[in-house]
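What follows is one structure encoded as structure tokens, with my remarks underneath.
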Amino acid sequence: MNIGEGAIVTRLEFGDPRLFRDLLGQHDEHLKMIQRSLGVRIHIRGSAMEIEGDPVEVELSTKVIRQLYGLLEKGYPVYGSDLDYAIRILSGDGRANLQDIFLDTIYISSHKRVITPKSVAQKAYIDAIRRYDIVFGIGPAGTGKTYLAMAMAVAELMKNNYVRIILTRPAVEAGEKLGFLPGDLAEKVNPYLRPLYDALHDMVDFDRAHKMVERGTIEVAPLAFMRGRTLNDSFVILDEAQNTTPEQMKMFLTRLGYGSKAVITGDVTQIDLPAGKPSGLKEAWRILKDVEGIRFITFTERDVARHRLVQDIITAYERHEQQAETGNRNQPEKP
């Protein structure tokens with residue numbers, strides 16, 4: 001680690017030795033992570049630390065450390081992943097308040113894990129779900145669009161604010177054909193609904209979820225099964241909405257009945273529809289973006305809540321696609 005000219009040193013002191021140890025992490029892993037990520041050097045002096053480096057990076061490191069310590073003071077356990085999210089959040093917006101984001105508990109899962117937003121966009125997303133009856137979450141894979149919507153749905157069901165949860169997605173093949181799969185229609189579409197079941201079982205223990213599905217309190221079905229229905233008192237989630245046709249999207253949106261809420265999620269960069277077939281999600285975004293009572297939340301690679309490399313992969317693919325588009329525009333037309 002090279003500390004260049006113009007480096008400064010900032011000293012931070014902490015009053016609670018136990019919280020200070022939690023802040024440093026096991027074997028000082030949190031400290032090492034900050035140094036690797038932000039290019040600063042940190043020296044420990046009892047229950048204090050000195051941060052040395054470029055003024056901009058020292059300021060950012062100071063914000064991250066102070067805010068994480070504030071979370072610990074509130075009883076929030078800080079893990080390595082939280083540190084990663086904190087760096088991403090404050091790198092993008094130095095005015096962000098981690099307590100406003102991390103302490104907004106959505107739901108406590110069956111594994112006793114607290115589900116909270118992990119980025120500014122995720123916080124805006126759950127706030128929009130609380131406030132609006134139709135919310136679109138659009139962005140790349142791994143940004144928590146479906147998972148957070150599921151957590152909100154389960155939490156609302158447990159509070160008896162809705163009678164049932166309906167989880168649906170279009171059964172569109174990503175390079176494979178349904179006809180080649182064995183079994184009847186239900187068995188053919190089940191693999192497409194598997195991600196919804198996986199998220200559900202992460203929040204509600206398997207036996208309880210199974211009973212809810214049997215009773216119809218939670219319904220998981222392909223989008224085609226929504227036609228002709230009116231969905232009252234329901235929390236409805238449409239996943240993988242980029243693979244709906246415009247007709248399917250209109251059909252789904254007009255199913256919403258009294259006392260219901262709909263969350264539509266999708267990634268417009270991963271459309272599996274046949275070539276030339278327009279995406280219902282892209283069309284809805286264009287048509288409905290100014291309709292009062294409907295909210296669109298967009299996510300970027302900064303909001304990816306998976307392995308850190310996923311963020312870099314998304315950025316690399318976007319860069320490649322932009323270069324390809326530029327190259328195609330610069331190609332001379334054939335005579």
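The values are calculated or read from the model by the stated rules, or taken from the named source; none is laboratory data. If you're wondering where the values come from, they're calculated on a predicted model, not measured in any experiment. Cβ coordinates were reconstructed from backbone atoms using ideal geometry, including for glycine residues, and neighbour counts include every protein chain displayed. We work out accessible area using only protein heavy atoms, side chains counted, and drop any ligands, DNA or RNA first. Shrake-Rupley method; radii C 1.70, N 1.55, O 1.52, S 1.80 Å.
On the given criteria, is GLU214 part of a strand (DSSP E or B), at pLDDT 85 or above and among the acidic types (Asp, Glu)? So GLU214 fails the test.
Considering TYR79, TYR69, TYR85, TYR107, the condition of being free of Cβ contacts under 8 Å to residues at least 12 places away in the same chain and of a type in the set (Phe, Trp, Tyr) is satisfied by TYR79 alone.
The set of residues from the range 118-149 being touching a residue at least 40 places away in the same chain (Cβ under 8 Å), more than 19 Å from GLN242 (Cα to Cα) and open to solvent by less than 30 Å² (accessible area, probe 1.4 Å) comprises SER119, ALA121, GLN122, ALA128, ILE129.
Somewhere in the range 62-78, is a residue within 18 Å of SER119 (Cα to Cα), loosely packed, with under 13 Cβ neighbours inside 10 Å and modelled with pLDDT under 95? Taking every residue of the range 62-78 in turn, at least one turns out to be within 18 Å of SER119 (Cα to Cα), loosely packed, with under 13 Cβ neighbours inside 10 Å and modelled with pLDDT under 95.
Tell me whether the range 37-45 contains one or more residues that are within 22 Å of ILE101 (Cβ to Cβ), under 25 Å from the mean Cα position of the chain (by Cα), at pLDDT below 95 and not β-branched (Val, Ile, Thr). Among the residues of the range 37-45, at least one is within 22 Å of ILE101 (Cβ to Cβ), under 25 Å from the mean Cα position of the chain (by Cα), at pLDDT below 95 and not β-branched (Val, Ile, Thr), which makes the answer yes.
Scanning the range 33-46 for residues that are surrounded by fewer than 16 Cβ atoms within 10 Å (Cβ to Cβ) and part of a loop (DSSP other than H, G, I, E, B) yields a total of 1. With respect to being closer than 30 Å to ASP205 by Cβ and part of a helix (DSSP H, G or I), LEU60 falls outside the description.
If I filter the range 9-16 for residues that are in a strand (DSSP E or B) and open to solvent by less than 60 Å² (accessible area, probe 1.4 Å), do I get at least one hit? Checking the range 9-16: at least one residue is in a strand (DSSP E or B) and open to solvent by less than 60 Å² (accessible area, probe 1.4 Å).
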